[in-house]
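Everything on this sheet refers to the single structure shown next.
The values are calculated or read from the model by the stated rules, or taken from the named source; none is laboratory data. These numbers come from a predicted model, not from an experiment. All Cβ positions, glycine included, derive from the backbone under ideal geometry; neighbour counts span all protein chains shown.
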Amino acid sequence: MARSADGPSARDAAPGTVPGTTAAAKGAAQGVAGRIRALFAAVRRPDRERYTDEEVARACREASGESISTTCLWQLRTGRRDNPTKRHLEAPARSFEVSPAYFFDGRQGVRIAGESALLGALRDAGVRALALRAVALSPEGLDTVGELVEVIARRDAAHRRPPA
């Protein structure tokens, strides 16, 4: 099954931002479809690519024991199905390791969306290793590392742009 094509990839995040953070915050305010899309944007595979609907449906079955079809998940994510059952929301919540409150409580949904974006970034071994090494740096050292990351992110973004 092809990867989900909606939204930016982790490599398209603005310099200095956690990939998926903006999408997560917007998704939390856009109903069920937006919230599911935000989870797909924030929580990534180890290779930083998005999970497919098929992978998430399988993870839902493994995490919750609930059977949710790839088609049902696709319909929820795209907004073609807008009145899901409680179990059809609890299963993706469990597979993405967020509280089911993400779907049912607006205020908690926004908070959880931001946390899921950060946790998604920290699941990346390289990001986690860099963050753990940065803990011991002085404030000036952190500023320097932040500036370096910004420069590298801009350079990487320029290399990804198609020629004009």
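The residues of segment 92-144 that are surrounded by 11 or more Cβ atoms within 10 Å (Cβ to Cβ), modelled with pLDDT of 75 or more and of a type in the set (S, T, N, Q), listed by number, are 95, 99, 108, 144.
In this structure, residue 91 does not satisfy being under 30 Å from residue 145 (Cα atoms), small (Gly, Ala, Ser) and in a helix (DSSP H, G or I). Can we say residue 148 is over 17 Å from residue 40 (Cβ atoms) and in a loop (DSSP other than H, G, I, E, B)? Against the criterion (over 17 Å from residue 40 (Cβ atoms) and in a loop (DSSP other than H, G, I, E, B)), residue 148 does not qualify.
Here residue 117 qualifies as of a type outside the set (S, T, N, Q), part of a helix (DSSP H, G or I) and under 14 Å from the mean Cα position of the chain (by Cα). For segment 92-119, the set of residues classified as under 22 Å from residue 48 (Cα atoms) and free of Cβ contacts under 8 Å to residues at least 60 places away in the same chain consists of 92, 93, 94, 95, 96, 97, 98, 115, listed by residue number. Within segment 53-87, if we keep just the residues that are touching a Leu at 6+ places or on another chain (Cβ under 7 Å) and in a helix (DSSP H, G or I), the residue that is nearest to residue 43 (Cα to Cα) turns out to be 56.
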